[in-house]
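The values are calculated or read from the model by the stated rules, or taken from the named source; none is laboratory data. All of these numbers come straight from a predicted model, not from anything done at the bench. Here the Cβ positions follow ideal geometry from the backbone for every residue, glycine too, while neighbour counts run over all protein chains shown. Side chains are part of the model used for accessible areas, which takes the heavy atoms of the whole protein and leaves out ligands, DNA and RNA. Shrake-Rupley method; radii C 1.70, N 1.55, O 1.52, S 1.80 Å.
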Amino acid sequence: MSDCIFCKIAAGEIPTDKLYEDDEIMAFWDLDPQAPKHFLVIPKSHLRDSSAVSKGDEALIGSIVRTGARLAKENGLDDYRFVVNNGASAGQTVFHFHLHVLGGRVMDWPPG
Ligand code: 5GP
Ligand code: ZN
């Protein structure tokens, strides 16, 4: 999508602090971290949110989750939180599916 910031990051049009990239997904540090370690894992293809995930995307979503867990461990996180915000009132501001991986501090529950 031409006006989507994460599509632009995936296409290399906007520089980012990249952690990992393959043909289908990308991981990069969040610009405005909410924990000592906070990165995002995204599909390179545009997917609006969880409700847009189809059966054909199941391997892609599995790859995002596995990569988030692997990168968390590689970055010294034994305990971490995965977050996916879906819709504006749930906190979504970028409407391109992304998995937040946050760690390095104690997390409160329930989330705000
Ligand atoms: P959401 O609020 O949609 O769940 O999360 C969007 C996240 O993307 C936010 O944590 C925000 O800080 C991050 N973000 C927005 N624009 C950029 C950007 O251009 N580069 C990076 N690295 N992160 C961004
Ligand atoms: Zn996009």
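Structure above, values below:
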{"read-out": "Residue in region 28-41 that is part of a helix (DSSP H, G or I), surrounded by 15 or more Cβ atoms within 10 Å (Cβ to Cβ) and either touching a Phe, Trp or Tyr at 6+ places or on another chain (Cβ under 9 Å) or modelled with pLDDT of 95 or more (or both) present", "value": "no"}
{"read-out": "From the options 14, 5, residue that is over 14 Å from residue 99 (Cα atoms), touching a residue at least 24 places away in the same chain (Cβ under 8 Å) and within 16 Å of ligand 1 (Cβ to nearest atom)", "value": "5"}
{"read-out": "Selection count, region 1-27, where residues are more than 14 Å from ligand 2 (Cβ to nearest atom) and in a loop (DSSP other than H, G, I, E, B)", "value": "4"}
{"read-out": "Region 20-47 residues that are among the aliphatic types (A, V, I, L, M), paired with ones that are assigned to a loop (DSSP other than H, G, I, E, B) and open to solvent by 70 Å² or more (accessible area, probe 1.4 Å) (beta carbon under 9 Å, 6 or more apart)", "value": "31/17; 35/105"}
{"read-out": "Residue satisfying all of: in region 42-66; farther than 22 Å from residue 90 by Cα and among the charged types (D, E, K, R); least open to solvent (accessible area, probe 1.4 Å) among these", "value": "57"}
{"read-out": "Selection count where residues are in a helix (DSSP H, G or I) and open to solvent by 40 Å² or more (accessible area, probe 1.4 Å), scope region 67-112", "value": "6"}
